[in-house]
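Take a look at the structure set out below.
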Amino acid sequence: MSVLILAEHENQKLKPSVAQLISAAQCWNQTVHVLLVGNDLAAAAQGAAAITGVASVMRVEAPHLQHPLAEDVANIIAGMGREYSVILAAHSAFGRNVLPRAAALLDVEMVGNVVEIQAPATYVRPIYVGNVFATVRSNDPIQVVTLRASRFDAADTGNNAEIVNLTAPPASAKTRWLSEMRNPSDRPELGSASVVVSGGRSLGSAENFESVLAPLADKLHGVLGATRSAVDAGFAPNDIQIGQTGTVVAPELYIAVGISGAVQHTAGMQDSKIVVAINHDPDAAIFQMADYGLVADLFEAVPALTAALP
Amino acid sequence: MKLLVAVKRVVDHNIKVHIKPDGSDVELAGARMSINPFDENAVEAAMRLKESGVATEVVAVTVGPAAAQDVLRHALAMGADRAILLESSKAVQPLGVARLLKALVEREQPGLVLLGKQSIDDDTCQTGQMLAALLDYGQGTFISALEIENGEAVVTREIEGGTEKIAVTLPAVLTADLRLNEPRYVKLPNLMMAKKKPIQTISASEFGIDVSPRLALVKVADPPARRACVMVDNVQELVEKLRSEAGVLP
């Protein structure tokens, strides 16, 4: 039996989660197949074939898969899924949309947001917004699992796996893709940035996000993040929201500015390697999550930090 | 059009849960319970569809023990017309819930099923997608905007880096994100009136569906602790630590 990994891609490029899932999959000691669903997949397929640990890349290409819909992708997985003992995807908006549907079609329960694989069917996953870590064991014949990809080191490249072209089943035609609105940004994508500079409601305005935080983020070649309360206050767009209801990030360096540290927010950044907290309140809960803390007025400390950097 | 809204009774989102001394599970005895916040958005969306004349009836449903009636009362107080308790004394996992809801959908024939995008207790985020799969319906998950047009639900979905818009043929399954709406405040008179509305109890076993859990809970634990925070006195010290100790600055 083998492991099937649902690969995510965008603009003909694989997302960083693919190499992380491939490395996580090695613990099963089975051959690893990568499933790519979309249109115009040549570059992404080459990219997946080059990742160490991949035996085959299964490429399902069709014009109607240009914007892959959950109905179509789940049908493809369900159609081939019984030949696999493990089916993995990232716990991203895409993975969370598709994989539960595929699991139900295969009549198995799904294990979501896994942060650690303890044994081939035993997983650790956060519950209660990350306040509790549960260890669960699946009794299903096919393990269908979404992983928090940032918890796993990326596999190397240098491989040359075979690429197998599979015929796409006809479109399910229950859902039509209409449009997407990407918030334009020259900065790297939030989910894969190595530095995140994040602000809370005490920034006070959208202007301050740009004038106080953005220069620091730019100097560190990082991206801006925001808490839900800052987004709700209109200081930052929702697509940079970090937390339970936003994006989960795990950068090398996370700088939390004027953030109290509500679990809603920390659920989205607790895997960051180094956390710096700058807050005027010495009792703020964010300091319990931080490696380095500075009690200071952010409007003085952040520009000073920006200026002190090379 | 009839709407079915699935709600779940969870530990109130303001409560920090504790772990039982033996680590077998979280301690729920005596904890304040509420309707799952995302499900409240789903009920609100249903009420707005009814108030705008798109829907004619809103039916709330939950799967749980007899005590789960209180979240059905909450949905009724928000304006739902009637409610159904699929009673099960044992915890039912997402696939089991989806199977029970499928059976109820076949009985009730709603034009649209609404759920919250995930529950805040086990954070699974899969019941809606599973229900859509079992019914062979289209799905719109994590929605932040909803309109019904020409037999389709036109929804905006929250995705990484922005949003996407899709049209899902009815009947469909939709799951609500918090940004979909601001749920109405339930006033006392509405709560009193909700007590007069009917709650139908159906034993989950009546459907003859296997809802036995597929996942076994081995143990629960506190999240791994981070090392203690090093407090610095000023920006210069911070830069120095980040450079020499943490190695994250050149």
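The values are calculated or read from the model by the stated rules, or taken from the named source; none is laboratory data. Predicted, not measured: the structure shown is a model, and the values here were computed from it. Don't worry about glycine lacking a Cβ; one is built from the backbone with ideal geometry, like all the others, and counts go over all protein chains shown.
A few points about this structure:
- Identification of strands (runs of 3 or more DSSP E) wholly contained in the stretch B:169-243 with 2 or more residues that are at the interface with chain A (Cβ under 10 Å from one of its Cβ atoms) and on the phi < 0 side of the Ramachandran plot yields B:172-176, B:215-221, B:230-232.
- When the stretch B:193-218 is filtered for residues that are surrounded by 15 or more Cβ atoms within 10 Å (Cβ to Cβ) and either over 14 Å from B:A103 (Cα atoms) or modelled with pLDDT of 95 or more (or both), the ones remaining, listed by number, are B:A194, B:K197, B:I199, B:I202, B:P213, B:R214, B:L215, B:L217, B:V218.
- Members of the stretch A:275-302 found to be farther than 19 Å from B:R243 by Cα and facing chain B (nearest Cβ under 10 Å), listed by number: A:P282, A:I286, A:F287, A:Q288, A:M289, A:V295, A:A296, A:E300
- When the stretch A:220-253 is filtered for residues that are aliphatic (A, V, I, L, M), touching a residue at least 40 places away in the same chain (Cβ under 8 Å) and closer than 21 Å to B:H13 by Cα, the ones remaining, listed by number, are A:I242, A:V248.
- Looking only at the stretch B:84-110, and only at residues there that are closer than 20 Å to B:P171 by Cα and among the small types (G, A, S), the one that is surrounded by the most Cβ atoms within 10 Å (Cβ to Cβ): B:A98
- Of the residues examined, A:A214 is not one that is of a type in the set (G, A, S) and in contact with a Ser or Thr (Cβ under 8 Å, 6 or more places away or on another chain).
- Only a single item in (1) closer than 26 Å to B:D222 by Cβ; (2) surrounded by 22 or more Cβ atoms within 10 Å (Cβ to Cβ); (3) of a type in the set (A, V, I, L, M) is not met by A:I240, and it is number (1).
- Hey, B:V232 in contact with a helix residue (DSSP H, G or I) (Cβ under 7 Å, 6 or more places away or on another chain) and at pLDDT 90 or above or not: yes
- A:S272 falls short on exactly one of the conditions (1) of a type in the set (S, T, N, Q); (2) within 13 Å of chain B (Cβ to nearest Cβ); (3) surrounded by fewer than 24 Cβ atoms within 10 Å (Cβ to Cβ), and that condition is (3).
- Boolean, A:N113 is surrounded by fewer than 22 Cβ atoms within 10 Å (Cβ to Cβ), in contact (Cβ under 8 Å) with a residue 24 or more places away in the chain, under 30 Å from B:A225 (Cβ atoms) and facing chain B (nearest Cβ under 7 Å): no
- Within the stretch A:119-132, considering residues that are at pLDDT below 95 and not aliphatic (A, V, I, L, M), the one farthest from B:K16 (Cα to Cα): A:P120
- Set A:A155, A:A214, A:A173: member being of a type in the set (G, A, S), free of Cβ contacts under 8 Å to residues at least 24 places away in the same chain and crowded, with 17+ Cβ neighbours inside 10 Å: A:A214
Residues checked against (1) in contact (Cβ under 8 Å) with a residue 24 or more places away in the chain; (2) of a type in the set (V, I, T):
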residue	(1), (2)
B:L134	yes, no
B:G140	yes, no
B:E149	no, no
B:E152	no, no
B:E158	no, no
B:G162	no, no
B:I166	yes, yes
B:V173	yes, yes
B:R179	yes, no
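- Answer from B:A60, B:A45, B:A55, B:A75 - the residue that is in a loop (DSSP other than H, G, I, E, B), in contact with a helix residue (DSSP H, G or I) (Cβ under 9 Å, 6 or more places away or on another chain) and at pLDDT 95 or above: B:A55
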